[in-house]
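Encoded as structure tokens, the structure appears first; notes follow it.
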Amino acid sequence: MKQQKRKPEQEIIYQIYPKSFQDTNHDGIGDLRGIIDHLDDLRDLGITMIWLCPIYPSPMEDNGYDVADYKAIHPHFGTMEDMDRLIEEAGKRDISLMLDLVLNHTSSRHKWFEKAVQDPGSKEHGYYIFEKGKEEPNNLRSVFGGSVWEKVRGRNEYYFHSFGKGQPDLNWENPALRQEIYQIIEFWKEKGIKAFRMDAINFIKKPEKWRRMEADGPDGRCKCTKVVRNHPGLLDYLHEMNEKCFKSDGIVTVGETAGLPYDQLEEYIGKNGCFTMVFDFRHADLDIRSGDEWFSRAEWKTADLKKRLEVSCSHIQKYGPGTSFLENHDQPRVTTKYLRKDQDDPYGKKMLGMLQMGLRGVPFLFQGQELGMINFERTDVSELEDISSIDQFGRARECGYSAEEALHFVNLRSRDNARVPYPWNEEKYGGFSDADPWLACNEQAQKRRICFENQKNDPDSVLSFYKKLISLRKSSDWSDTLNAGRIRFEEGNEEVIAFTRQKEEKELLVLCSFADHPVKTLCRKGTLILDNYKETDMNVKVDEEGMIILRPFEAMMIETEKRRENDE
Ligand code: GLC
Ligand code: CA
């Protein structure tokens, strides 16, 4: 089948964590063939694009975000032939692929870095950030803990790493390095890749001089994001890469740009922006006070979430398409995060789906979200695999929390929550593999019988509801409104997130209740398009004060009459 040309805002993107999707060769590690085997399931779900987390050769210190070779496939995942087949088979189902490009750093096992360390006179030495000296150039803390500086063995020289010490940062200042990067992108474009997710891309610009920073923790260090994230001058590189690699070929790009100030959005996603879309994480991180310290928990209310979404959407819609996401491979499960004690409530889960699909922005689903997966509760720190979970456990202890408290924070936020094997069925290891998986399954989800097989043919399942939402967005009379309509947040009960989507003469009102009890909220009369409760009157009526009663976690999408222009 010939691939249809879609506009970016018509995509429905599904993120796959290859290591945990499906194992086919009995080694307990997911692989590309496993993805190929499930392409029909993904087509049935209705998605149009797969974002594939890194599949490149890697020592896996950060699960593939430490790339040792950009133009090859990790043997765990299969071969380049498997990759070609995946691209082709997905294409036959009108699904395209988005590759994860990790260009801020390589693995320390990349041949460039090995050469750079061996020979300080080599051209590869200039591909990385080295500083000469007997001491660390400054006191920055890396994202995964400890210093950003690592001493080169046998020399008075340090290399810089924003993330793990096995992830040395590349020196984008160097034009030869930038050429190498553009060639990598060309290599994948020639293979038929039409979309890229740009990992940690707002870290690539470094300051000219390193200076000591005021400490922000008992370790005497200061978090590096204050210095190396969104550093002035960054855009020069991004615009150059766009000109050279993306623009003329209509490549879809999404930048991972945590902390990007809204007043810079135009440069990123405006008419002459460097990317198609960017991720804004402010709503996803509202449960932690400082974004990256998981033990610094924040109290929040539905109204706070609504505010963050409102501010984000209203800025983004001035310029271009946005992204709408609730989960990814770095986030815990949204059920546990947003529904808290009601994490397993089926109405709550469907309500979250309606929220995401109703919001403005290209929807990104993370594997398992469509089943309503919940967080795990690991009982010992040794059960954690993720590099940042282990660091955060240690940092919480350092900051005076008990082991029990530290584990609690880590369970709430661990990136392993998203990375557990996909639960296909109720067999041992959830049908993911017949061998002991690289990361233990989520027992709490297993006990609750959350799996694909149990939901696939059940018209009332969370999965079936996601299918309805996707088809509404993809191929219904409301597609245009949902994909490209303006968003406006509405007044109402403080436990309800309400907004309208409007395009030309059509308007949809979306109501999402976060309350576990009935609540009264403002509404307008109209025709019900979709509701997460079964017995519902299609004719939506309101009382004389314009109010309606929503059942616990009820979510409604209502066709309403378009408000007069001067109301807007
Ligand atoms: C991004 C990725 C994350 C990874 C980090 C370093 O934030 O999403 O998983 O650990 O970059 O590459
Ligand atoms: Ca395998």
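The values are calculated or read from the model by the stated rules, or taken from the named source; none is laboratory data. Not measured: the values here are computed from a predicted model. So basically every Cβ, Gly included, is an ideal-geometry build from the backbone, and we count neighbours across all protein chains shown. Only protein heavy atoms, including side chains, enter the accessible area calculation; ligands, DNA and RNA are left aside. Shrake-Rupley method; radii C 1.70, N 1.55, O 1.52, S 1.80 Å.
Step by step: first the residues of the range 152-199, then only those that are of a type in the set (Gly, Ala, Ser) and in contact (Cβ under 8 Å) with a residue 60 or more places away in the chain, then the one that is nearest to residue 245 (Cα to Cα). Which residue is that? By that ranking, first place goes to 195. Among the residues of the range 36-58, write down those that are within 16 Å of ligand 1 (Cβ to nearest atom) and touching a Ser or Thr at 6+ places or on another chain (Cβ under 6 Å). Selection gives 58 alone. Remark: residue 20 falls outside the filter, which requires a residue to be polar (S, T, N, Q) and either away from ligand 2 (no atom under 13 Å from the Cβ) or modelled with pLDDT under 95 (or both).
Within the range 10-35, being under 14 Å from residue 79 (Cβ atoms) and within 16 Å of ligand 1 (Cβ to nearest atom) holds for one residue alone: 18.
Looking across 389, 461, 433, one residue alone is small (Gly, Ala, Ser), within 22 Å of the chain's Cα centre (by Cα) and surrounded by 19 or more Cβ atoms within 10 Å (Cβ to Cβ). It is 389. Scanning the range 59-74 for residues that are of a type outside the set (A, V, I, L, M, F, W, C), within 15 Å of ligand 2 (Cβ to nearest atom) and more than 17 Å from residue 22 (Cβ to Cβ) yields nothing. Scanning the range 235-255 for residues that are open to solvent by less than 30 Å² (accessible area, probe 1.4 Å) and in contact with a helix residue (DSSP H, G or I) (Cβ under 6 Å, 6 or more places away or on another chain) yields 245, 252, 253, 255.
Results for (1) open to solvent by less than 20 Å² (accessible area, probe 1.4 Å); (2) within 25 Å of the chain's Cα centre (by Cα), shown as yes or no for each residue.
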position	(1), (2)
395	yes, yes
403	no, no
409	no, yes
419	yes, yes
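Scanning the range 396-412 for residues that are part of a helix (DSSP H, G or I) and not charged (D, E, K, R) turns up 396, 403, 406, 407, 408, 409, 410, 411, 412. Residues that are touching a helix residue (DSSP H, G or I) at 6+ places or on another chain (Cβ under 8 Å) and not polar (S, T, N, Q) within the range 429-443 comprise 430, 431, 432, 434, 435, 436, 437, 438, 439, 440, 441, listed in sequence order. The residues listed here are 449, 360; of these, the one that is outside any helix (DSSP H, G or I) and on the phi > 0 side of the Ramachandran plot is 449.
Being small (Gly, Ala, Ser) and part of a strand (DSSP E or B) is the filter here; which residues of the range 482-508 pass it?
498
Please go through the range 509-540 and pick out each residue that is more than 12 Å from residue 351 (Cα to Cα), assigned to a loop (DSSP other than H, G, I, E, B) and in contact with a strand residue (DSSP E or B) (Cβ under 8 Å, 6 or more places away or on another chain). If the condition is that a residue be more than 12 Å from residue 351 (Cα to Cα), assigned to a loop (DSSP other than H, G, I, E, B) and in contact with a strand residue (DSSP E or B) (Cβ under 8 Å, 6 or more places away or on another chain), then 518, 523, 524, 525, 536, 537, 538 are the ones that fit. Among the residues of the range 198-248, those identified as of a type in the set (Ser, Thr, Tyr) and closer than 23 Å to residue 186 by Cβ are 237, 248. Scanning the range 466-488 finds one or more residues that are at pLDDT 95 or above, in contact with a strand residue (DSSP E or B) (Cβ under 6 Å, 6 or more places away or on another chain) and among the polar types (S, T, N, Q).
Among the residues making up the range 291-329, those that are assigned to a loop (DSSP other than H, G, I, E, B) and open to solvent by 40 Å² or more (accessible area, probe 1.4 Å) are 292, 299, 301, 318, 319. Taking the criterion of being among the small types (Gly, Ala, Ser) and in contact (Cβ under 8 Å) with a residue 40 or more places away in the chain, the residues of the range 476-495 that qualify are 479, 484, 485. Screening the candidates 178, 211 for the property of being within 29 Å of residue 51 (Cα to Cα) and at pLDDT 95 or above yields one hit, 178.
Residue 80 passes every criterion in (1) of a type in the set (A, V, I, L, M, F, W, C); (2) touching a residue at least 40 places away in the same chain (Cβ under 8 Å); (3) away from ligand 1 (no atom under 16 Å from the Cβ); (4) out of contact with any Phe, Trp or Tyr (no Cβ under 7 Å at 6 or more places or on another chain) apart from (2). Restricting attention to the range 544-566, the residues that are in a loop (DSSP other than H, G, I, E, B) and open to solvent by 50 Å² or more (accessible area, probe 1.4 Å) total 5. Tell me yes or no: at least one residue of the range 416-432 is touching a residue at least 40 places away in the same chain (Cβ under 8 Å) and under 11 Å from residue 378 (Cα atoms). For the range 416-432, residues touching a residue at least 40 places away in the same chain (Cβ under 8 Å) and under 11 Å from residue 378 (Cα atoms): present. Restricting attention to the range 193-224, the residues that are out of contact with any strand residue (DSSP E or B) (no Cβ under 8 Å at 6 or more places or on another chain) and open to solvent by less than 30 Å² (accessible area, probe 1.4 Å) total 2.
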